[in-house]
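Presented below is the structure to which this report refers.
The values are calculated or read from the model by the stated rules, or taken from the named source; none is laboratory data. Here the structure is a predicted model, which is why all the values come from computation and not from measurement. Note that we place each Cβ from the backbone using ideal geometry, even for glycine, and neighbour counts take in every protein chain shown.
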Amino acid sequence: MKARNNPFATWRLEQLQYRLDGPDWNELLGRFDRLGRRAALVGVHGSGKTTLLDEFAARFRQQGMHVCSFRLTQDEPDFGKTLDGVKSSGLGRNDIVLLDGAEQLNRSRWQKFLQFTGSAGGVLITMHRAGRLPTLYECRTNPRLLASLMEELAGGFEWPAARNAAELFHKHRGNVREALRELYDVFAEG
Amino acid sequence: MNEIRIGTKDEQTAFRPGELIEGAIGWNLPEELRAIEVRLGWQTRGKGTEDAETVNEIKFDDPPAQGARPFQFVAPDQPYSFSGKLISVIWFLEVRVRPKGATARKDIIIAPTRQEVILGAPAPSE
């Protein structure tokens, strides 16, 4: 199959919306306020934390907040010069800082981050484990979720090979993103 | 009515590098507009990080709420429209309305044979 027609191509994965399990958006935003607007989204690799954080960003913008987003990864575990522009202007009550990948910061850099964001109107981070800030929401995955995403992405396609969502889920230890990437290869070779 | 259209002359959707891409855009929108932009660009689709580039753009400032404008671009030399298993390069024409951000888009092909190059397929005979 041509890459542009592959139902598991990156651009299609990026269009998936996070599926909240339990609370609705009003409850989540209310909980964020009650936690003093300092909180964390927690979950394992590939559980949708970044997708959910992006959706928070859109909602904060709708509220008129100014969103400062940072993303740290194993390849780029530091802020580098990205903080310079923000530092010079300072953060105010209308600024919300979103940090994806907060586990990349060691203890001293985490303390500096807290100091830097002290005057901000909110801080929301993602972490693989709970601990650094109160947990606002835990991103969980299960085979049913994976099956549902597979159906949404490839419902109208003829599958080149039989695939069992539960097996795929366990093979990737709950990492839904990796499971969906494997399905890209199934269609590419099919 | 909330409508944006983009079309090409004679409904041509495949072009050789260097060929003229002629077309027109039309719109009928309820609110005041700051600008309308027509872009020629390409993007990748497939597995992994995707890339995109706008190679040419025409901007119409302070347009009326309803209207139409012609446009012309020259099809660039590269990259060719192509598809493999891991990546595709797709050329497109796009209309973008400011400040609202509404868009219309038309995918086109730019390649020497006016056909998307398929990686792994036999080369076309001369």
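Tabulated data
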item: Identity of the residue in region A:173-190, surrounded by 19 or more Cβ atoms within 10 Å (Cβ to Cβ) and not small (Gly, Ala, Ser), that ends up nearest to the other protein chains (Cβ to nearest Cβ); result: A:Tyr184
item: Unmet requirement for A:Ala147, which otherwise passes all of (1) within 14 Å of another protein chain (Cβ to nearest Cβ); (2) surrounded by 14 or more Cβ atoms within 10 Å (Cβ to Cβ); result: (1)
item: Single residue of A:Glu55, A:Glu76 found to be part of a helix (DSSP H, G or I), surrounded by fewer than 17 Cβ atoms within 10 Å (Cβ to Cβ), free of Cβ contacts under 8 Å to residues at least 40 places away in the same chain and among the acidic types (Asp, Glu); result: A:Glu55
item: Residue within region A:83-91 that is exposed (fewer than 14 other Cβ atoms within 10 Å of the Cβ) and either within 14 Å of chain B (Cβ to nearest Cβ) or outside any helix (DSSP H, G or I) (or both) present; result: yes
item: Only one of A:Ala39, A:Ala57 that is under 16 Å from A:Thr117 (Cα atoms) and away from chain B (no Cβ under 14 Å); result: A:Ala39
item: Any hit, region A:92-109, residues being more than 30 Å from B:Val117 (Cα to Cα), polar (S, T, N, Q) and outside any loop (DSSP other than H, G, I, E, B); result: yes
item: Qualifying residue in region B:6-17 (condition: within 14 Å of another protein chain (Cβ to nearest Cβ) and under 30 Å from A:Gly190 (Cα atoms)); result: no
item: Region B:50-89, subset part of a loop (DSSP other than H, G, I, E, B) and of a type in the set (S, T, N, Q), residue nearest to B:Thr13 (Cα to Cα); result: B:Ser81
item: Residues being more than 12 Å from every other protein chain (Cβ to nearest Cβ), among the charged types (D, E, K, R) and without any contact (Cβ under 8 Å) to a residue 40 or more places away in the chain - total across region A:1-36; result: 4
item: Residue that is farthest from the other protein chains (Cβ to nearest Cβ) [pool: residues in region B:96-109 that are at pLDDT below 95 and buried (at least 18 other Cβ atoms within 10 Å of the Cβ)]; result: B:Val97
item: Residue match in region A:43-50 (condition: within 13 Å of chain B (Cβ to nearest Cβ), crowded, with 16+ Cβ neighbours inside 10 Å and either assigned to a helix (DSSP H, G or I) or modelled with pLDDT of 95 or more (or both)); result: no
item: Any hit, region B:51-69, residues being within 14 Å of chain A (Cβ to nearest Cβ) and at pLDDT below 95; result: yes
item: Count of region B:18-49 residues which are among the polar types (S, T, N, Q) and outside any strand (DSSP E or B); result: 1
item: Evaluation of A:Ala57 against (1) of a type in the set (Gly, Ala, Ser); (2) over 18 Å from the mean Cα position of the chain (by Cα); (3) at pLDDT 90 or above (one fails), failing number; result: (2)
item: Flag if A:Thr117 is more than 14 Å from chain B (Cβ to nearest Cβ), under 16 Å from the mean Cα position of the chain (by Cα) and surrounded by 13 or more Cβ atoms within 10 Å (Cβ to Cβ); result: no
item: Hits in region A:93-112 - residues which are in contact (Cβ under 8 Å) with a residue 24 or more places away in the chain and farther than 24 Å from A:Asn26 by Cα; result: A:Gly101, A:Ala102, A:Glu103, A:Gln104, A:Leu105, A:Arg109
